[in-house]
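Below is one structure, written out as structure tokens; comments come after it.
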Amino acid sequence: MNKSSQIGTTALVLFSGGQDSTVCLAWALERFARVETIGFDYSQRHSAELEARHDVRGEIARHFPDWAARLGEDHMLALPTLAQISDTALTRESEIFMTEAGLPSTFVPGRNILFFTYAAALGYRRGIADLVGGMCETDYSGYPDCRNETLQSLARTLSLGMDHDVAILTPLMWIDKAGTWALAHELGGDKLVDLIAEHTHTCYIGDRTQRHDWGYGCGQCPACELRANGWRQWRAGTETAATG
């Protein structure tokens, strides 16, 4: 887990409305005096996550008064050209499959690099140097822009280009999905876990009609499978600990 350069000041969280970014938001609210959020509308197929953002922020403020006092502004940026130049299963109504390059067709080239670049530009104007994202190497789809080396190299580039220190913090980088559920429980107990299951959105297809114990989704896309498997592993671990 990376440490912040300015713990106790302000952080800007890349917040999609999904499980990972919600856990990152809770993580930041525990550590910073003020936390702002930023989201991106790039005409993604699973636009249900954008609708979830408002609900998740509202539920966090309602259930966690201490965090509500630290929760600052939300920023939404439209990046329609990203979908125009991408031909992926997240920006088109197409099948999810493994490509010849060895990456899933859900990979949107340059997405996280662009997200952090825009976040850094916004942070520069607002005096925020700490950027928080839910990227992970341990339990992910092989996206090269989720790798720690990629993101820390980007942080150095942004620091040079803006002539001030920019930190990219990735609290989920070295834990799997079961560990993400466990971290959510550590941060906010059953209330946060229930909030994530009920209000966040992860499904690549955008399905909000089927409710599972781990949340809403089609149950078959890679994002749903990852989330469901993590839930089962975490629950099995907690049950074993309780009976042990």
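The values are calculated or read from the model by the stated rules, or taken from the named source; none is laboratory data. In this text the structure is predicted, and so the values were computed from the model without any measurement. Cβ coordinates were reconstructed from backbone atoms using ideal geometry, including for glycine residues, and neighbour counts include every protein chain displayed.
Report whether or not Leu192 is among the hydrophobic types (A, V, I, L, M, F, W, C), more than 21 Å from Phe64 (Cα to Cα) and surrounded by 19 or more Cβ atoms within 10 Å (Cβ to Cβ). No: the conditions fail for Leu192. Checked against the criteria, His185 counts as under 24 Å from Asp55 (Cβ atoms) and within 18 Å of the chain's Cα centre (by Cα).
Here the range 210-244 is the region considered, the condition is being part of a loop (DSSP other than H, G, I, E, B) and over 18 Å from the mean Cα position of the chain (by Cα), and the residue that is surrounded by the fewest Cβ atoms within 10 Å (Cβ to Cβ) is Gly244.
For the subset of the range 39-85 comprising residues that are among the aromatic types (Phe, Trp, Tyr) and at pLDDT 95 or above, which member is surrounded by the most Cβ atoms within 10 Å (Cβ to Cβ)? Going through the qualifying residues, I end up with Phe64. On inspection, Asp207 does not qualify as in contact with a Lys or Arg (Cβ under 9 Å, 6 or more places away or on another chain) and surrounded by fewer than 19 Cβ atoms within 10 Å (Cβ to Cβ).
Of all residues in the range 148-172, those being surrounded by 18 or more Cβ atoms within 10 Å (Cβ to Cβ), closer than 14 Å to Asn112 by Cα and of a type outside the set (Ser, Thr, Tyr) number 6. Can you name the residue in the range 6-38 that is among the charged types (D, E, K, R) and assigned to a strand (DSSP E or B) and, of all such residues, is surrounded by the most Cβ atoms within 10 Å (Cβ to Cβ)? Per the stated criteria, the residue is Glu36.
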